[in-house]
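*Asks:* Below: one structure in structure tokens.
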Amino acid sequence: MTDTSEAVRQAAGTRTIRVEVSRYRPGEDTEPVLQGYDVPLMTDWAVLDGLNYIKDQLDGSLSYRWSCRMGVCGSCGMTVNGEPRLTCGTFLTEYGDGPVRIEPLKGFPVIRDLVVDIDDFLGKLSSVRPWLIREGEELPLTTEYAQTPEQLEAYKQYSMCINCLLCYSACPVYVLDPDFLGPAAIALAQRYNLDSRDMGDRFDVLNLDEAVWGCTFVGECTRVCPKHVDPAEAIQRYKLTAALRSVLPWSKGSKGSKR
Amino acid sequence: MIDVLIVGGGGAGLRAAIAVAETDPSLKVAVVSKVYPMRSHTVSAEGGAAAVIGLGDTLDEHCYDTVSGGDWLCDQDAVEAFVAEAPEELIQLEHWGCPWSRESDGRVAVRPFGGMKKMRTWYAADKTGFHLLHTLFQTTLKYQDVIRYDEWYVTKLVVDDGRVHGVVAVEIRTGRIETIPARTVILATGGCGKVFPFTTNAAIKTGDGMALAYRAGAPLKDMEFVQYHPTGLPFTGILITEAARAEGGWLINKDGYRYLQDYDLGTPTPTPKLRSMELGPRDRLSQAFVHEQHKGRTVDTPYGPVVYLDLRHLGERKIDSRIPFVRELCRSYQNLDPATDLIPVRPVVHYMMGGVHTDIDGATPIAGLYAAGETACVSINGANRLGSNSLPEILVFGRRAGIAAAAFATSHREAEAAAVHSQGEDERRRLERAREGSRHGERIADLREQMQHTLEGAAGIYRTGDVLTKAVDTLADLRERAEEARVEDNSTTFNTELINLQELHTMLEVAQTIVACALNRQESRGAHQRTDYSARDDDAYLAHSLVHRAPDGTPSVGLLPVTITRWPPGERVYGRD
Amino acid sequence: MTAGDRATAYRPRRDPLWFARTRTYTLFVLRELTSVFVAWSIVFLLMLVDAVLGGSLERFADLAARPWMIAVNVVALAATVFHTITFLNLAPKATVVRLDGYRLPAWMIQGGNHSLWLAVSAVIAFFVLRGFR
Amino acid sequence: MKRTLEPYLWLLFSGGGVVAALVLPVLVLLFGVLMPLGVLDWPAAGHLQGLLGNVLVRLALLVVVVLCLFHAAHRIRHTSEELLGIARFDLVIAILCYGAAITGGIYAAVLMF
Ligand SMILES: Cc1cc2nc3c(=O)[nH]c(=O)nc-3n(C[C@H](O)[C@H](O)[C@H](O)COP(=O)(O)OP(=O)(O)OC[C@H]3O[C@@H](n4cnc5c(N)ncnc54)[C@H](O)[C@@H]3O)c2cc1C
Ligand code: SF4
Ligand code: F3S
Ligand code: FES
């Protein structure tokens, strides 16, 4: 992808920016320490390009995750100057004279340097049954289930989640209580709940103290989400669905509102 | 003992896993992936997936477009199987919940695409690969018995006596090196764009599967065919999908002239015309760019010459409904708005037509070893892949490989081979030595960069014998130097430098085969254009390049006839009716 | 993965001042703390009701006119208004209204809510100040 | 399936939020600020007694009191837990908060009926 070093050559002699990177090497450090590097301040460089420069030219031992460099694989989330950001979509020039402080995403155990443990999320994702549930006869593989653009629109936004976990990192409830099911998993459950083709019911996993009811509507998840998924909205909507279903047991809540 | 071990959690790997789980739930399936599956590069695919769904379209036409688009280097039996099964696969995805874009009556919508005579490209706005991969990934969560090895890096195939017995892999998080015995292995590791400096491909696309198979004795096929996509953003190489042109975008040079009309691609029309102008095949469009550059009609930028993609006449509404991601990418990475500004673009390395040689069930010549997806070469893409054929390819052949591997695993129930232990131990020692590190040698990044520029110079859009010959020596030299590369990180926890070093080795291996095949093919066909042999030569080269690794580690290239069923070689005609 | 491997991960300690770290967190906490003044307003109202029914409105008026009482009630006013604005603005999140398959934009729902607020306030003021004359 | 009280508490909380939003600012403004400051005159005791004499008004007032107290109790419970990191004492805190709300409601009922 980015041809970093050629750009560096061309820009020799340009300004630099101080980048402070959180380092945690298990066995060596008992807790993270900041290490500073000077990185060329190129107008086109994302924070991630700065990290790549450090890794390639200054210190090969720095560890972090990245892949697509186009904001869609969801692997490069980190805390940049205190804010959870996708580092491939955040530019060094936003931080002018620096320094830029890069730390791992808050709220997760740190495996090493900027790499955090996200297995907890994957377990939660599985638990909400994020797949299309059908009952009865399947259509043959010659026909699609009809779905109008309006029906698509009803869940589309929630299907845009790239699992970058910035929302978990921003949510104080999750940071305090890792049992909280959390914004993205609930948004993805709603992605299927609101899909006109889905016949499943996720009430049992969503209507729990540590699921939708754990959310106190801080709303930070929505503010930091790079893909405009609006998980806060997904959660509040399910609260209403679940509450109505609890007081009116005969109403099928989420399913009823689908069609 | 794993029955089917799949290396790769992208579209091909996950499709294979589901196929195995559905074929025989008693089989033990595992997916090993160096990144979490939903991070795989399938996630970046934008434009769409082709499959015939009526509307006056026929399977034969899709076959013909594919075969002519591939400059008759496709195996036509494979193309026929592919085209016939693609519609079912895309409907299967629909049944699993993929949010395909729709017509107002609820049917799946299709759009035109480069080199296709009919509208048959299904799309999910311009995030098709993203939706496809997440649908597949979330669907695999339903099959709780599928074992996942997330963030494990496979370094070696255990092969003994012409039969695969498993893999050796490093758990990146802990540094644990483990041998995983398996009855069958499916390679679904994706492409190798990172061999080049300027590419749309993600960091993980380092050709690992190709190198694994090649080192284990399986041949690679058609490695000289590297696709340049005509519209990448300068500097980042981020792809501006072909869908932008399919929706009516124009390519213009520095004079605002739609230059494709000068290259036998038809005459400009205000609305897009199928198989014409901007909807010609990618190889021809990228070649036209080089000619424009030579004529001085491109615009110079700090990141090389560019032309412009003009979407302004489409209007904001259409851009937002059909290609919103294009707008998002331009805004965040290029600081411009396609509704009002021209988008600077230049050709960028995008896709590998070649790969591990397989039959139409994904089987390689090594018993029990299969390959599918971009890492494989079933030969449906020939000398040039048509846009939107790759996503259906990973599904069709991912499934086929899964079923074939399941059958093989069921009928071959031998116990663990002795080789598993001995080869596993050797590989462990090699990796541990590499991790001990060295403060001397050259930096991995510097070696990688030299390799990338060598490839760009020698195996770019146009190639020449002399330069290729020189590249052979440069690469051999780089390989030796890479053995001594500097490694500063000797931690066992999440040691990405160790992985980067392994990837450098695999890329060098792949780079050598690309150059060797390109040197051997003394003709011009599809994406392989030799300035010293500028014509297609069906008498000598209507054949695949098949490259084996010789005992001394150098590539040895031979030819394998192309399978022709119903479409004899003809002229590739675009823009003329 | 064994327990031993996991143990090497660094688990950051709880940040006791998390709500002071960003402006949005602080706003959130302020929003939640309005509830204290909601409770206070109810206490105050019940005191008023008690005074009205017990015939000691005069004494209540004296109490309410003490400077510290007025100060508390000015803050309570600010808090309840803040509560109203945030609560009515956030309401469309839970209640997505669809007409004809398309979603009613949030500002319409919010506009409706705020109009309702003004109307209710006017009615209450009317009854308190001059109704049943 | 695990039973949870939260949906009911949340409904009371939301209802309380709406009621508080609609009625409290104007009441506090009138009785807590404008009248004590002398901007407006206190209405005659008889007028207010007349208002409260209406059973519908008393009922409405009771509903307002109960809902608003629940709203406050719910938020105070969650906020204190988040702010102070004492979620492990949730049960005790919940009993205290909702208990206070219920007591307040009963007191109001006794007062007015
Ligand atoms: C920007 C872009 C846009 C595209 N748009 C389109 C389009 O519109 N239509 C279309 O048809 N095609 C498109 N393509 C092509 C298509 O997306 C790819 O060819 C296809 O997704 C490849 O899928 P795959 O499953 O083979 O590999 P990938 O999705 O690349 O997956 C590879 C997997 O292998 C794993 N892996 C690799 N090496 C190892 C190792 N050593 N050990 C363990 N695991 C390993 C990785 O972790 C990953 O999970 C596009 C490609 C790009 C780059
Ligand atoms: S909801 Fe948004 S922030 Fe959260 S994981 Fe998904 S894309 Fe990321
Ligand atoms: S930030 Fe957290 S509390 Fe709820 S609204 Fe978002 S999940
Ligand atoms: S690198 Fe993929 S989202 Fe940033």
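*Asks:* Find the sum over both chains of the accessible area lost when C and D are paired, probe 1.4 Å, and report it in Å² to the nearest 100.
*Replies:* Details: alone 10910 and 8020 Å², together 14500 Å².
Buried area between the two chains comes out at roughly 4400 Å².
*Asks:* Through the Karplus equation 6.51 cos²θ - 1.76 cosθ + 1.60, θ set to phi - 60°, convert the phi angles of the stretch B:315-320 into ³J(HN,Hα) values in whole Hz; use x for Gly and Pro.
*Replies:* For the stretch B:315-320, the Karplus-derived couplings read x, 4, 4, 5, 4, 5 Hz, x marking Gly and Pro.
*Asks:* Within the stretch B:116-143, whose backbone N sits under 17 Å from a point 7 Å along Cα→Cβ of B:V573?
*Replies:* Residues B:116-118 fall inside that zone.
*Asks:* Another one. In chain D, what percent of the accessible surface is made up of carbon and sulfur (1.4 Å probe, ligands and nucleic acids excluded)? Let's see the in-between values first.
*Replies:* Working: 3940 of 5180 Å².
Result for chain D: 76 percent of the exposed heavy-atom area is carbon or sulfur.
*Asks:* Also: Near B:K318, which lysines are there with a Cα under 23 Å away, not counting those fewer than 8 places off in the same chain?
*Replies:* The reachable lysines, counting only those whose Cα sits under 23 Å from B:K318, are A:K156, A:K227, B:K117, B:K118, B:K127, B:K273.
*Asks:* Step by step: find N for the stretch B:9-83, compute 2.2 N^0.38 Å, then divide the Cα radius of gyration by it. What's the final number?
*Replies:* Numbers: Rg = 16.3 Å, N = 75, 2.2 N^0.38 = 11.3 Å.
Dividing the Cα radius of gyration by 2.2 N^0.38 Å gives 1.44.
*Asks:* Which percent of the accessible heavy-atom area of the stretch B:437-561 goes to carbon and sulfur, probe 1.4 angstrom? Display every interim value, and only then the final one.
*Replies:* Values: 2320 of 4880 Å².
Roughly 48 percent of what the probe reaches on the stretch B:437-561 is carbon or sulfur.
*Asks:* Within 10 Å of each Cβ in B:94-107, how many Cβ atoms from other chains are there, averaged over the peptide?
*Replies:* Details: counts 8, 10, 4, 13, 3, 9, 3, 4, 9, 3, 3, 3, 10, 5.
The mean count of partner-chain Cβ atoms within 10 Å per residue comes to 6.
*Asks:* Also: Which angle between 0 and 90 degrees, to the nearest 10, do you get for helix B:59-69 versus the longest principal axis of chain B when only C-alpha atoms count?
*Replies:* For helix B:59-69, the angle is close to 90 degrees.
*Asks:* Before I look further, what does the protein assembly as shown give for accessible area per residue, probe 1.4 Å, in whole square angstrom? Could the numbers behind the result be given before it?
*Replies:* On the way: 38670 Å² over 1082 residues.
Per-residue accessible area for the protein assembly as shown comes out at 36 Å².
*Asks:* For a quick protection proxy, order the peptides B:369-378, B:402-411 by their average other-Cβ count within 10 Å, most packed first. Before the final figure, lay out the partial values.
*Replies:* Details: B:369-378: 31.7, B:402-411: 21.3.
Averaged packing, sorted descending, gives the order B:369-378, B:402-411.
*Asks:* Taking a point 7 angstrom from the Cα of B:E61 along the C-beta vector, which residues in the stretch B:389-414 have backbone N less than 18 Å away?
*Replies:* Correct set: B:389.
*Asks:* In deg cm²/dmol and to the nearest 500, what is the mean residue ellipticity at 222 nm of the protein assembly as shown if only DSSP H runs of at least 4 residues count, each as -39500 (n - 2.57), divided by the residue total? Can you show the working numbers first?
*Replies:* Numbers: 35 runs with 464 residues, N = 1082.
Rounded to the nearest 500, it is -13500 deg cm²/dmol.
*Asks:* Just to verify a number: FRET efficiency for D:V110 and D:R88, C-beta to C-beta distance, R0 = 51 Å, to 0.05?
*Replies:* Values: r = 35 Å, r/R0 = 0.69.
Using R0 = 51 Å, I get an efficiency of 0.90.
*Asks:* Same structure again: How would you classify the stretch A:145-210 from its alpha-carbon gyration tensor, with a ≥ b ≥ c the square roots of the eigenvalues: rounded for a/c under 1.5, else prolate if a/b is greater than b/c, otherwise oblate? Before the final figure, lay out the partial values.
*Replies:* Values: a/c = 3.92, a/b = 1.75, b/c = 2.25.
Cα axes put the stretch A:145-210 in the oblate bin.
*Asks:* Short version: which residues of the stretch C:16-46 lose at least 50 Å² of accessible area, all chains versus chain alone, 1.4 Å probe?
*Replies:* Listed in order, they are C:W18, C:T24, C:Y25, C:F28, C:R31, C:E32, C:S35, C:V38, C:I42, C:L45, C:L46.
*Asks:* Compute for chain B: radius of gyration divided by Kirkwood radius, i.e. Rg/Rh, restricted to C-alpha atoms, rounded to two decimals. The partial results should precede the final answer.
*Replies:* Details: Rg = 22.6 Å, Rh = 23.8 Å.
Across chain B, the Cα-based Rg/Rh ratio is 0.95.
*Asks:* Excluding residues on the same chain fewer than 8 positions from A:K239, give the aspartates and glutamates whose Cα lies under 14 Å from its Cα.
*Replies:* Once the sequence-local aspartates and glutamates are set aside, what remains near A:K239 is A:D204, A:D209, A:E210, D:E6.
*Asks:* Looking at the square roots a ≥ b ≥ c of the eigenvalues of the Cα gyration tensor of the stretch B:234-347, which shape do they give, rounded for a/c under 1.5, prolate if a/b is larger than b/c, or oblate?
*Replies:* Details: a/c = 1.81, a/b = 1.15, b/c = 1.57.
It comes out oblate by the Cα gyration axes.
*Asks:* How many square angstrom of accessible surface are buried between D and A, both sides summed, with a 1.4 Å probe and rounding to 100? Present the calculation step by step, with values, prior to reporting the outcome.
*Replies:* On the way: alone 8020 and 13130 Å², together 19870 Å².
What D and A bury together is about 1300 Å².
*Asks:* Partner chain Cβ atoms within 10 Å, averaged over the residues of B:30-38 - can you pull that number for me?
*Replies:* Working: counts 0, 0, 0, 0, 1, 5, 10, 1, 8.
Other-chain Cβ atoms within 10 Å of each residue's Cβ, averaged: 3.
*Asks:* Report, ordered by chain and residue number, the aspartates and glutamates lying within cross-link reach of C:K93, taken as a straight Cα distance under 18 Å and ignoring same-chain residues fewer than 8 apart.
*Replies:* Counting by Cα, and skipping residues close in sequence, C:K93 has these aspartates and glutamates nearby: A:E153, A:E220, A:D230, A:E233, C:E32.
*Asks:* So, one more: Taking amide H positions as placed in the peptide plane 1.01 Å from N, state which residues far from A:R101 in sequence (5 or more) or on other chains have amide H under 5 Å from it.
*Replies:* A:E20, A:N81
*Asks:* Nearest 10 degrees is fine. How inclined is helix B:11-23 to the longest principal axis of chain B, computing both from alpha carbons?
*Replies:* Between the helix axis and the principal axis of chain B, the angle is about 60 degrees.
*Asks:* How charged is the neighbourhood of A:Y37? Take every other residue with its Cβ under 15 Å from the Cβ of A:Y37, and add Lys/Arg as +1 and Asp/Glu as -1.
*Replies:* Values: positive: A:R15, A:R18, A:R23, A:K55, A:R101; negative: A:E20, A:D38, A:D49, A:D56, A:D59, A:E103, A:D113, B:E488.
Summing Lys/Arg as +1 and Asp/Glu as -1 gives -3.
*Asks:* Still on this structure, I have one more. Ignoring ligands, DNA and RNA, what percent of the accessible area of the stretch A:117-251 is carbon or sulfur (1.4 Å)? Present the calculation step by step, with values, prior to reporting the outcome.
*Replies:* On the way: 2390 of 4180 Å².
Roughly 57 percent, rounded to a whole number.
*Asks:* Sticking with this one: How would you classify chain A from its alpha-carbon gyration tensor, with a ≥ b ≥ c the square roots of the eigenvalues: rounded for a/c under 1.5, else prolate if a/b is greater than b/c, otherwise oblate?
*Replies:* Details: a/c = 2.72, a/b = 1.98, b/c = 1.37.
Prolate, since a/c reaches 1.5 and a/b exceeds b/c.
*Asks:* If packing is taken as the average number of other Cβ atoms within 10 Å across a peptide's residues, how do A:107-119, A:182-194 rank, most packed first? Intermediate results must be reported in sequence, preceding the final value.
*Replies:* Values: A:107-119: 23.3, A:182-194: 27.1.
Highest to lowest by the protection proxy: A:182-194, A:107-119.
*Asks:* OK, next. In nm, give the distance between the simple-model label positions of A:E153 and D:L56, each being 7 Å from the Cα along the Cα-to-Cβ direction.
*Replies:* Taking the two extended label points, one gets 4.1 nm.
*Asks:* In square angstrom and rounded to 100, what buried accessible area do you get between chains B and A, total over both, with the probe at 1.4 Å?
*Replies:* Numbers: alone 20720 and 13130 Å², together 27860 Å².
The B and A chains share an interface burying roughly 6000 Å².
*Asks:* Quote the FRET efficiency, to the nearest 0.05, computed for B:E178 versus C:T24 with a Förster distance R0 of 45 Å and r equal to the Cβ-Cβ distance. Mind showing how you got there, number by number?
*Replies:* Values: r = 45 Å, r/R0 = 1.00.
FRET efficiency, B:E178 to C:T24: 0.50.
*Asks:* Test of understanding: what is the full-extension gain from B:H440 to B:M1, defined as 0.36 nm times their sequence separation minus their Cα-Cα distance? Show your work: numbers first, answer last.
*Replies:* Values: separation 439, 0.36 × 439 = 158.04 nm, distance 4.11 nm.
Fully extending the segment from B:H440 to B:M1 adds 153.9 nm.
*Asks:* Please give the Cα centre distance for the stretch D:12-56 versus the stretch B:235-299, rounded to the nearest Å.
*Replies:* 72 Å
*Asks:* Using the Cα atoms of the protein assembly as shown to build a convex hull, what is its mean projected area in square nanometres? Don't skip to the end; give the middle numbers.
*Replies:* Details: hull surface 183.7 nm².
Result: a mean projected hull area of 45.9 nm².
*Asks:* How many Cβ atoms of partner chains, on average, are near each residue of D:36-44 if near means within 10 Å of its Cβ?
*Replies:* Values: counts 11, 5, 1, 0, 3, 1, 6, 9, 2.
If you average over the peptide's residues, the count of other-chain Cβ atoms is 4.
The values are calculated or read from the model by the stated rules, or taken from the named source; none is laboratory data. Keep in mind the model is a prediction, meaning the values are calculated, not measured. Cβ sites come from the backbone with ideal geometry, for glycine too, and all protein chains shown count toward neighbours. Heavy atoms of the whole protein, side chains included, go into the accessibility calculation; ligands, DNA and RNA do not. Shrake-Rupley method; radii C 1.70, N 1.55, O 1.52, S 1.80 Å.
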